[in-house]
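This report concerns only the one structure given below.
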Protein chains: 2
Amino acid sequence: MALLILAHPNFEKSLANKAIVEELITSDINVEIRNIASLYPDYNIDAKIEQEFILKHKNIIFQYPIYWYNMPAILKQWFDVVLEYGFAYGSTGDKLKGKNFIPSFTVGAPEKDYKALGEHHFKVHEFCKNIEQTAYYTQMNYIDPIYFHDTSVNSGFTKEEIILKAKHQAKNLIEFLKSIE
Amino acid sequence: MALLILAHPNFEKSLANKAIVEELITSDINVEIRNIASLYPDYNIDAKIEQEFILKHKNIIFQYPIYWYNMPAILKQWFDVVLEYGFAYGSTGDKLKGKNFIPSFTVGAPEKDYKALGEHHFKVHEFCKNIEQTAYYTQMNYIDPIYFHDTSVNSGFTKEEIILKAKHQAKNLIEFLKSIE
């Protein structure tokens, strides 16, 4: 039903992203997972292999934590290597056309700080223009990101509360996937 | 006078970024260059070494090509690894305070396509919010990016024309550095 590109440089120690993925695995939807940080510890991503996985699916979920207002480096490397000319763009590069581009991420800091007068000055979606336009340029359907805040250990929430919110995010993802089936 | 973080995954084959760097090297300004893609081919960036270079300088130039509306993965890895808690942010993390954050990049496609009705739908600066806010959060002075368009081989410009524009960009950089001396 979906391909999940898992881009977390330290997934085993992650709390929120791990809880989201575990919830998806134990759900009744069929999700194929590519843990790209684990598959490519030297960042030497195999474009052809990744493209084969993409071709099997209509829904591509990108699961990652936001670091420095942007995706982790391993996901950027995936985009730079996998979305080749002739595959993802260019006159014959239409292999992603019509697929759904589904960002699912986590944000360490509270939502209240993501505004002009807050500590992070911009809304979360303002940091997403690069993924949005990447979807457009590859003729994919950009789905508004599914995410939640306060996953940082300094957020004041307990481990259990963060896991609960992560499971809620996984449920939103599952609901969305079922709604478009 | 300045530290230049050169983030090009294939610098030897680059046209514009190479011309900019060569122009800077042969100029009368003193620029220290960290070719991070060449220094860290496995993306295993040494935070402490990079931090030592930063501490020596007031001006930090980030030189890179825009790929997929964003910085190359090696530069994102540099941010994720080097801008540590206690160094770049946090109650005692003020080591970057007051330094100048100077983005200098190249854009493959023409400027006319970077607007709502164009092929790339957003203005270039809309793709820069993540670097802008990274500068703010580390208490650096964000300098408006210095860049030029049409560096793609499909842009219709000759190699010589692209090199000429790259040299012009280097001159703008040098002028800026001298103006704030």
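Since every read-out is calculated from the coordinates, none of them should be taken as a lab result. Only a predicted model underlies this, so the values are computations on that prediction, with no experimental measurement involved. Positions of Cβ are generated from backbone atoms using ideal geometry, with glycine treated the same way; all protein chains shown enter the neighbour counts.
Here B:F176, A:F101 are placed in order of increasing Cβ neighbour count within 10 Å, fewest first, which gives B:F176, A:F101.
From least to most packed, judged by other beta carbons within 10 angstrom and beginning with the fewest, A:S14, B:S38, B:S104, B:S179 follow the order B:S179, B:S38, A:S14, B:S104. Counting beta carbons within 10 Å around each of A:I25, B:I54 and listing the fewest first gives the order A:I25, B:I54. For the residues of A:43-53, the average number of beta carbons from a partner chain within 10 Å of their own beta carbon is 1.
Positive-end ranking of A:I33, A:G118, A:P65 along the dipole of region A:19-135, with charges on Cβ about the Cα centre, is headed by A:G118. Label sites at A:D28 and B:T158, each approximated as a point 7 angstrom past Cα along Cα to Cβ, lie 6.7 nm apart. For chain A, the relative contact order comes to 25 percent (Cα pairs under 8 Å, sequence separation of at least 6).
Working note: Karplus 6.51/-1.76/1.60 with θ = phi - 60° gives region A:118-126 the couplings x, 5, 10, 6, 10, 6, 3, 5, 5 Hz, where Gly and Pro are set to x. Per-peptide packing, taken as the mean over residues of other Cβ atoms within 10 Å, places A:113-119, A:3-9 in the sequence A:3-9, A:113-119 from highest down.
In this rough spin-label picture, where each label sits 7 Å from Cα along the Cβ direction, the B:K13-A:K97 distance is 2.7 nm.
Site pair B:V124 and A:K171 shows an inter-label distance of 4.6 nm when each label is modelled 7 Å from Cα along Cα→Cβ. Peptide A:76-83 shows a mean partner chain C-beta count of 4 within 10 Å per residue C-beta. 3J(HN,Hα) along region A:6-14: 8, 10, 10, x, 9, 4, 4, 8, 6 Hz, from the Karplus curve 6.51 cos²θ - 1.76 cosθ + 1.60 with θ = phi - 60°, whole Hz, x for Gly and Pro. Around the amide H of A:N35, modelled in the peptide plane, lie the amide H atoms of A:L6, all under 5 Å away and 5 or more residues distant in sequence or on another chain. The phi torsions of region B:15-24, fed into the Karplus equation with coefficients 6.51, -1.76 and 1.60 and a -60° offset, translate into couplings of 9, 5, 4, 5, 5, 4, 5, 4, 5, 5 Hz, rounded to whole numbers, with Gly and Pro shown as x.
The calculated FRET efficiency for A:S38 paired with B:D113, based on their beta-carbon distance and R0 = 30 Å, is about 0.20.
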